[in-house]
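Participant: Could you have a look at this structure, given as structure tokens, before my questions?
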Amino acid sequence: SILCEEEIEELAKTNKNIGIDLGIKEFATMSDCTKVENLKLLKEYEKKLKREQRKLSRRCKLAKDSNKKLSDSKNYQKQKKKVAKIHNKIRNKRKDFINKLSTKIINNHDIICIEDLNIKGMLKNHKLAKSISDVSWSEFRRQLEYKANWYGRKIVKVPTFYPSSKTCSSCGNIKATLKLSERIYHCECCGLEIDRDYNASMNILRKGLEILKEEKVS
């Protein structure tokens, strides 16, 4: 048999670049003023999932009390399939959401700048872990990188220590502190008032383009 490599044509240039700020409330805020809301999948299915998981625990206990192997308990196996079905629905909806969004971004931009977030480290924060897992930042970034490589786009990762939220996208002033509750960024130097996440996405774009320029020079 003859194996043929499928040639993928690079997408046409758009002359548009974008910075993306990932979040919990909004999945992403972009430098073109676009906000993408989260699906909040776990909340949508949480009550049903908890109810079915409680039933599964009861089936498990009943089987053990009867000295039955779980593999031999029809009620346990039936309930286990119900729980798996809910998890599968969540996984498929999330996959579809990320696939469509990443494809749209790749189709419409030449350069995509995104924070190089330490997602593994952030998952250690138990207060944020559930929300971060639900929004699937890792999978979104993986799909962006894969599709960019496939279609000839450029992904630029902005270092996680870069203060994208604290920096004024107009004058460059950096705030000493910025609380998570502060949703509007107010610059003490130039007076700029702007949505906090949009401000961050503008800074991510600017920093990403700077990094790209430095790479070309070196």
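The values are calculated or read from the model by the stated rules, or taken from the named source; none is laboratory data. The model shown is predicted, which means the values in this text are computed figures rather than measured ones. Note: ideal-geometry Cβ built from the backbone for every residue, glycine included; neighbour counts use all protein chains shown.
Participant: Give me the residue from the stretch 60-76 that is out of contact with any Lys or Arg (no Cβ under 8 Å at 6 or more places or on another chain) and surrounded by 14 or more Cβ atoms within 10 Å (Cβ to Cβ) and, out of that set, nearest to Arg91 (Cα to Cα).
Facilitator: Cys60
Participant: Could you pull out every one of the strands (runs of 3 or more DSSP E) wholly within the stretch 19-125 that has 1 or more residues that are touching a strand residue (DSSP E or B) at 6+ places or on another chain (Cβ under 6 Å) and basic (Lys, Arg)?
Facilitator: Counting at least 1 such residues, we get 35-37.
Participant: Just to be sure, is Ser31 hydroxyl-bearing (Ser, Thr, Tyr) and at pLDDT below 85?
Facilitator: When the stated conditions are applied, Ser31 does not pass them.
Participant: Across the stretch 16-32, what is the number of residues that are of a type outside the set (A, V, I, L, M, F, W, C) and buried (at least 22 other Cβ atoms within 10 Å of the Cβ)?
Facilitator: So the count comes out to 4.
Participant: Those residues that are among the acidic types (Asp, Glu) and over 21 Å from Val158 (Cβ atoms), I need them from the stretch 183-201; list them, please.
Facilitator: Glu188, Glu193
Participant: How about the stretch 184-218: which of its residues are exposed (fewer than 12 other Cβ atoms within 10 Å of the Cβ), in contact with a strand residue (DSSP E or B) (Cβ under 9 Å, 6 or more places away or on another chain) and either among the small types (Gly, Ala, Ser) or at pLDDT 95 or above (or both)?
Facilitator: Passing the criteria: Ile184, Glu193.
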